[in-house]
Amino acid sequence: MIRFNWRRAGALGVGALAIAACVGIVAAGQASTSAKKYPPQFPREGATKLFENDRVIIWEQIGRPKQPFVHKHIRDIITFGILNGRVDVLNEDGSKAQGGGSAVSMTTRVYPGSTAGGSASGSVLYSKAGLGPHIETAPDPTNVPKSIFVELKGTEPKDCAQWSTACQ
């Protein structure tokens, strides 16, 4: 005859409950850090949509938003520098990005252009989707940059809905 050991069963039950609680706490911690969602780069202050079809959205950007606008890029983007002007890229908390941060690995200067005054007039940049979160500022009101941004539709990362308010 086999007897049921209530003490051992109780200890195992408490142990299993403790493990489940720990797993739940860890999962909740991971969910809260990855659950933060950011708006896309566009639309935003100073940007005007010039054109859209099933493949691209083209924006003209004069200056940068006056208020810090934390965002992530949801699509690959080709940027054409039209007028020189300084653009600073800041971290989400407003601190200066060291060494360009993630922008260095996710942005390629395709054509250098003229670098007089900071942002390059005539430059062409290519940025991968997922760049950010960051803030772009134009700190010199006397030297306002002008850029054309071409968003490439269909380049949204599969996990975009996890970190952007723009993806479904």
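The values are calculated or read from the model by the stated rules, or taken from the named source; none is laboratory data. Fair warning: this is a prediction, and the values are worked out from it, not measured in the lab. Cβ sites come from the backbone with ideal geometry, for glycine too, and all protein chains shown count toward neighbours.
Could you say which residue among Gly81, Gly99, Gly118, Gly130 is at pLDDT 90 or above and over 23 Å from Ala166 (Cα atoms)?
Step by step, each of Gly81, Gly99, Gly118, Gly130 is checked, and only Gly81 is at pLDDT 90 or above and over 23 Å from Ala166 (Cα atoms).
Name the single residue that is modelled with the lowest pLDDT among those in segment 134-155 being under 18 Å from Pro43 (Cα atoms) and acidic (Asp, Glu).
Glu136
One residue is enough: does segment 75-87 have a residue meeting the conditions touching a His at 6+ places or on another chain (Cβ under 6 Å) and either among the polar types (S, T, N, Q) or under 15 Å from Ser127 (Cβ atoms) (or both)?
no
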